[in-house]
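The values are calculated or read from the model by the stated rules, or taken from the named source; none is laboratory data. This is a predicted model, so every value here is computed, not measured. Glycine gets a Cβ as well: all are built from the backbone with ideal geometry, and neighbour counts include every protein chain shown. When the accessible area is computed, the model is the full protein with side chains, heavy atoms only, and any ligands, DNA or RNA have been set aside. Shrake-Rupley method; radii C 1.70, N 1.55, O 1.52, S 1.80 Å.
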Amino acid sequence: MTNRNNLLLIALFVFVLGCGETKEKVYPTEGKLLIGGAPAANVFVLFNPVNSKQDAKRPSATTDADGRFQLTTFEALDGGPAGEYVVTLLYEPVSSPLTRAKGKPPQIPATYNKVETSPLKAKIEAKAKNEIEVFKLP
């Protein structure tokens, strides 16, 4: 290879490296969901950024048996970007129907399924740990 070809190859390599996705800074965030005063398990919690682009990152989590959740954006439990969010909910059973606890699954009013109608709001701040106020559904 000539020096010119080597320079072109190096320039192409640097260009490709520069095109990688830049991760936005995220902040650990956790919260809790109660429905009818009881912890709601296996509910998918999605934080939808207010006034942002279509391709904006949407931190999410699934509640545990105690109704607690920790947000994930890029890597497990890493948190979410600082900003204001409208929170939507969806019941998402994560276990087999054969091993799932007996009883009625959480009843989530349809209002909470859509960004346009969900009354749940949250703010993630640029700090070491964010504790979202408990979401209480009727």
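General observations
- The H on the amide N of residue 130, modeled in the peptide plane, is under 5 Å from the matching H of 29, 30, each at least 5 residues off or on a different chain.
- Ranked from largest to smallest solvent-accessible area, with a 1.4 Å probe on the protein heavy atoms, 78, 55 come out as 55, 78.
- Residue 134 - accessible surface, heavy atoms, 1.4 Å probe, Å² rounded to 10: 60 Å²
- Accessible surface for residue 44 stands near 60 Å², nearest 10, in the context of the full protein assembly shown (1.4 Å probe).
- The Kirkwood radius of segment 26-138, taken over pairs of alpha-carbon atoms, gives through the Stokes-Einstein law at 20 °C and 1.002 mPa s a diffusion coefficient of 150 µm² s⁻¹.
- Cut-off 12 Å between beta-carbons: net charge of the residues surrounding residue 87, Lys and Arg +1, Asp and Glu -1: +2
- 124, 108, reordered so the largest accessible area comes first (probe 1.4 Å): 108, 124
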